[in-house]
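Coordinate-derived values only; no laboratory data. The model shown is predicted, which means the values in this text are computed figures rather than measured ones. Using ideal geometry, Cβ is built from the backbone for each residue, glycine included, and neighbour counts are taken over all protein chains shown.
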Amino acid sequence: MRLRDRTKFATYKRRGEWAELVFITIVRGLGFNVAKPWGDSAKYDVSVEKNGWFLRVQVKSTESWVGGSDGSYLCQLHGWDNRLYTPREVDYFACYVVPEDTWYIFPVARLLGLRTVGLTPRLKRQKYARYMEAWGLLTRRHVRQGKRTKMPSEKMRFNSMGRLTRRIIERLEGPCY
């Protein structure tokens, strides 16, 4: 399916492949080992490993601005067949808001049953602020308290490689791929 208007990519699939590469670049820079399943039959896009812990990550990306003063972006959480992911298939969603160069790292249980998620990276008091650039969640150094995930301390949090991502985007500013 072709994308409309203000985008750097010819298709959703191309944008998704590019987002996976950006994700892999960032997590490798954070010291993770990365494995990519062969073909398209796995329910997850990337497997990350650090200190013996393996996690299955489904990478999603969006450029779909839904308007409003809060600058909301809509990110689809289902596969090409419209089927929702389950905790038996995926451990985390990594959602990339392309125009804002911002990542959200969600435990799959947090978004269970949702078809889409509205992300508002420009708002200071947003619903999903605790998951924005939450790379520390992938280290498995967080603990469960009831049904909520306790975030690692600021000292344990990682920053995405924003400058690197911006340089990659600048190189893509040319024709559609």
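Among Lys8/Lys60; Lys13/Lys127; Lys8/Lys43; Lys8/Lys36, which pairs are too far apart, with a Cα-Cα distance over 19 Å?
Values: Lys8/Lys60 16 Å; Lys13/Lys127 28 Å; Lys8/Lys43 26 Å; Lys8/Lys36 24 Å.
From the list (Lys8/Lys60; Lys13/Lys127; Lys8/Lys43; Lys8/Lys36), the Cα-Cα distance tops 19 Å for Lys13/Lys127; Lys8/Lys43; Lys8/Lys36.
Quick check: pseudo-label points 7 Å beyond the Cα along Cα→Cβ at Asn33 and Lys127, how many nm apart are they?
Between Asn33 and Lys127, the simple spin-label model gives 3.8 nm.
Mind running the shape call on the stretch 12-158? Use the C-alpha gyration tensor, a ≥ b ≥ c as the square roots of the eigenvalues: rounded below 1.5 for a/c, prolate if a/b tops b/c, oblate otherwise.
Details: a/c = 1.38, a/b = 1.08, b/c = 1.28.
Note, shape of the stretch 12-158 comes out rounded.
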